[in-house]
Amino acid sequence: MSDASAPGSTPIPGPEDAPQPSPQAPEPAPASACAPLPVPPGGSASLPEPTEADRRATPGSARPWRARVGHARVAFLAVAGRISRWTRARWRTGRGRAILAVIVALILAVPSGLGLVLVTVLGGDGGADVPVTRVATLGVVAPLSGDLSADGASVRNAVSLAVEEANESGAIPGWRLELSTRDDLSRPDGGAQAADAFTANDRLIGVVGPLSSLVAKVALPTLSAEGIPVVSPSNADPTLTGAGTDPRSRPYPTYFRLAGTDDLQARVAAEYAVRTLGRRRIAVVDGEPRYGTTLGGRFAVRAAALGATVTSVYQVQGDDPDGSELDSTAEAIEQEAPDLVYLATGAAFAGKLRTRLAEAGASIQVMGSDALLQRRYTDSAKSAADGDLITSLLAPPTRLPAAGAFVADYSERFGGPAGDDGSTTPSGAESTDASDASKRNREEATPTPGTRTPPATRTPPATRTPPDTRMPPATRTAPDTRTHEAVAVGGKGGQPTPPHEGGRPAARDPAGSGADGGDTAAAQRRQAAHDAAVELAQRRAEAIPAVAAYAYDAARTIIRAAATVLPGRPAVDAAARHDIVAAIARGSFAGVTGSVGFDRWGDTRTPSVVLYTVLGGRFVALTTWT
């Protein structure tokens, strides 16, 4: 039974009983969704601009930044229009045009001022005006080990002194120099290694060295090929600058040297042996490597051309361990009995041969090349070497008139001779005199070497007082009775300069009493201090190897040339090196060793030859040929 048929229940209406909507009253739709937009007469309908929220919510709508750009553009155009109208209004009057000119100047000055501020802040140190300093390298190749290490060390020291002076004085504006030193071991392979190292240095402006011509023959092809300037203080092989070739050509265009050649040294030595000493029978001992014509060979040719008989030319190695080469050479010379032996060997072999000849009782004059200017020669030969003659292409500081300041600076920087404590006064001198003498030492250093006694008036070597028997400064003779050489530095024209007062000689009081006695005592103390300063300057000059002064001038040659080329350049390149070579070739200056300048082959214009003698184990310069 169904529930509908139950008594008392209310019937449920069906679908057909539901109320129907009236067609006369339809429900209006929302205006935002379907209401028509008003259309202006003759126009077309347009949608309103969507809001920011609508753009974010509606896919494909315009991006926010485009709206901002549009607004900015409208604002910029509005401002530009106002500025344009204001400018046109001002331009109509003279005062307005002046105002506009000031504004334009200020606008142009702002970027420049900002740039200057940025450069100062970023490129300076706290706003300080500190210029940029670039670095260039000066090279040195020399034997820093082995038998010639003393010469090599002096070359390094001299170049270091020149570099320090250049940096202190600002010789190359905007640039600072540094030193690069290479040990060539006095061997060809050492020179080749040094040359390779220098060519790898892109800041190198030049090289001082080598000392040995044999090393130079190996190093120069590499250095010259890279355009590196090279100034040697002592190379003597004529072929390094093309001498002897026909027609003559320059093999190394970047190479220069301050020393003369072996041709000059052989000619001067032969002329002195034959014409001055009158020697007619000459033996030559040649120990140089067999690379072309040697100095010994050149001497033999020159001596024969002057009329002497060259009895023999002994080719030796000079390094035989058993001494057989030394014995055979000494025996052959004793049998020949020449009246002069020319030694072109190393110092060690020459010293041993000199000793053997003396022990055999052979009275033979010995002359040698500059290779004998070593302590090893005198230490080995001892007193047998006294009176021997040696030629050199380098003048010692004692013979260089302009070397005084160099000697003083070198000794102060690297030390003086043995026993030199830096004082320039004799023991017992009063402090006042000591300070005065110390102050005068540098001033008197320059004329000291150059005002020594001329060769023609110097005491002959055989009669000179040996160094170990000289009187100390405190007991030396009075100024008016001393020898010319001892007082030459104190006067003019070689005349002694005793103490004067008011143009009259000071009165002498043996008792030392009274005013005159006190003045005399003070004058004697001052003279003693002066003598000590002169003697110390002389000892210091003698302690510095001759090659050091030439190395100093070689370094100054390169530095002076670089000073005309590097300022204003950003770096050391091939063009800068080329210009430095050209500046060296055309330049000249007064150096420590004399006038420094070169001919078109790279040879010095002022070569010289110095004749030394050995006296008491010391090398004493006798005369100089220029």
Would you mind checking which residues have amide H under 5 Å from residue 622's amide H? H placed 1.01 Å from N; only 5 or more apart, or other chain. 611, 612, 613
Value of D in µm² per second that Stokes-Einstein yields for the stretch 259-409, Kirkwood Rh from Cα pairs, at 4 °C (1.567 mPa s): 81
Listed peptides 340-349, 406-415, 197-206 by packing density, highest first (mean Cβ within 10 Å): 340-349, 406-415, 197-206
Cut-off under 5 Å, modelled amide H: who pairs with residue 591 long-range: 596
What is the Cα coordinate range of the stretch 251-334 on the first, second and third principal axes, sorted by size from largest, in whole angstrom? 46, 35, 17
Hey, what do the phi angles of the stretch 202-217 turn into as Karplus ³J(HN,Hα) couplings, whole Hz, using 6.51/-1.76/1.60 and θ = phi - 60°, x for Gly and Pro? 7, 9, 6, 9, x, 10, 9, x, x, 8, 8, 5, 5, 5, 4, 4
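For the stretch 353-394, what is the accessible area per residue in Å² when the probe is 1.4 Å?
For the stretch 353-394, the per-residue accessible area is 39 Å².
Before anything else, pin down the relative contact order of the stretch 260-336: Cα pairs under 8 Å, at least 6 apart, normalised by residue count, whole percent.
For the stretch 260-336, the relative contact order is 32 percent.
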When the label point is put 7 Å from the Cα of residue 135 along its Cα-to-beta-carbon vector, which residues of the stretch 160-197 have a backbone N closer than 14 Å? 175-181
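Calculate, for the stretch 233-319, the solvent-accessible area per residue in square angstrom, rolling a 1.4 angstrom probe over the heavy atoms of the protein chains.
Per-residue accessible area for the stretch 233-319 comes out at 43 Å².
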With θ set to phi - 60°, apply the Karplus curve 6.51 cos²θ - 1.76 cosθ + 1.60 along the stretch 327-332 and write out the HN-Hα couplings as whole Hz, x wherever there is a Gly or Pro. 4, 5, 5, 5, 5, 5
Report the Stokes-Einstein translational diffusion coefficient (µm² s⁻¹, integer) for the stretch 170-312, Rh taken as the Kirkwood radius over Cα pairs, at 25 °C with viscosity 0.890 mPa s. 143
Whole-Hz ³J(HN,Hα) from phi, Karplus 6.51 cos²θ - 1.76 cosθ + 1.60, for the stretch 298-309, glycine and proline x: 5, 4, 4, 5, 5, 5, 5, 5, 8, x, 7, 9
Using modelled amide H (1.01 Å from N, peptide plane; none on Pro or chain starts), what sits under 5 Å from the amide H of residue 232, excluding residues fewer than 5 places away? 209, 256, 257, 258
Which of the peptides 132-141, 70-79, 260-269, 551-560 is most tightly packed, and how do the rest follow, judged by the mean count of other Cβ atoms within 10 Å per residue? 551-560, 260-269, 132-141, 70-79
Given 10 Å bins starting at zero, what is the percent of C-alpha pairs of the stretch 213-255 in each, up to the one with the largest pair distance? 30, 57, 13
Listed peptides 537-548, 237-248, 292-303 by packing density, highest first (mean Cβ within 10 Å): 537-548, 292-303, 237-248
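The values are calculated or read from the model by the stated rules, or taken from the named source; none is laboratory data. Note that the coordinates shown come from a computational prediction; the quantities given were computed from them, not determined experimentally. Cβ: placed from backbone, ideal geometry, glycine included. Neighbour counts: every protein chain shown. Just so you know, the surface numbers come from the protein's heavy atoms only, side chains and all, with ligands and any DNA or RNA stripped out. Shrake-Rupley method; radii C 1.70, N 1.55, O 1.52, S 1.80 Å.
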